[in-house]
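A short worksheet on the structure shown next.
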Amino acid sequence: VSYLRTTSPLRLLFVWVTFHCCLTMATFGILPTVATVNFGGAAGAYGLLLTAFGAGSIIGPLLMMGFSNHTRPGTVLWVTGVLSGAPLIVVGLSHLEWLAVAMECLAGVGQAVFMAVIYASVQTCAHDAVRGRVASIQLTSTTGAMGLASIGWGALVGVASGGFVLAVPSAFFVLVCLVLTKRVTGLNLAVNRRAGLSPPPSVDHAPSTA
């Protein structure tokens, strides 16, 4: 644990993925409520949302394989982080089933790629001697945090609209990504340095928040 606290790239990656798991992935337990309330209890609405997310989770990594430039992991995390949360805001607030299905697919793309790049970056940054222990701590902490958050979001559905409970944490995660915008370039350089890769050929700028 002390190793994680004192290793800057790992510390940032752990904080980022913990927010991701708690604010986006942990809200899936309330999708049945959202499907029932937002779409009038339409038969199969929940199944469509779940299928769309699963399809996006397959499409995302396949698309990632088509990109030859892997020297900007921080940028990929930023983009897919926003893509993980922003579509869920629409799902929570929308009453159009086709729009919600499309947004769930986008969220699946974003979350699958985000988690893949997070795990790859953590393994790259961790020293050989502690890589296994770092991986086990990451798995335990993220799944534990996601489980606890899921219980909390489920409890909130009893006192607030399911769509609202889905949209607000997702919006907060998008805000987290915006706050971390200025850390993207440094994260790119740090992960590349640990991987022994050359920096990007051009100056790497963080995504614009405009």
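The values are calculated or read from the model by the stated rules, or taken from the named source; none is laboratory data. As the structure is a prediction and not an experimental result, all values here were calculated from the model. As a convention, Cβ positions derive from the backbone with ideal geometry for all residues, glycine included, and neighbour counts pool all protein chains shown. All accessible areas refer to the heavy atoms of the entire protein, side chains included, with ligands and DNA or RNA removed. Shrake-Rupley method; radii C 1.70, N 1.55, O 1.52, S 1.80 Å.
Numbers below:
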{"read-out": "Segments 89-102, 161-174 sorted - mean Cβ within 10 Å per residue, highest first", "value": "161-174, 89-102"}
{"read-out": "Helix 8-23 vs. the chain, principal-axis angle (Cα, 0 to 90°, nearest 10)", "value": "10 degrees"}
{"read-out": "Ranked packing of 9-15, 133-139, most packed first, by mean Cβ within 10 Å", "value": "9-15, 133-139"}
{"read-out": "Cα gyration tensor category, rounded, prolate or oblate, for the stretch 45-175 with a/c compared to 1.5", "value": "oblate"}
{"read-out": "Carbon and sulfur %, accessible surface of the chain computed with the full protein complex present, 1.4 Å", "value": "72 percent"}
{"read-out": "Å² per residue, accessible surface of the chain at 1.4 Å", "value": "48 Å²"}
{"read-out": "Whether the stretch 18-94 is rounded, prolate or oblate, judged on the alpha carbon gyration tensor where a/c under 1.5 counts as rounded", "value": "prolate"}
{"read-out": "For the chain, built as a Gaussian network whose Cα springs stay under 10 Å, the top-fluctuating residue of 103, 64, 25", "value": "64"}
{"read-out": "The chain, helix-only ellipticity at 222 nm - DSSP H runs n ≥ 4, -39,500 (n - 2.57), divided by all residues, nearest 500", "value": "-25000 deg cm²/dmol"}
{"read-out": "Karplus (6.51, -1.76, 1.60) ³J(HN,Hα), θ = phi - 60°, over the stretch 145-160, in Hz, Gly and Pro reported as x", "value": "5, 5, x, 5, 5, 4, 4, x, 5, x, 5, 5, 4, x, 10, 9"}
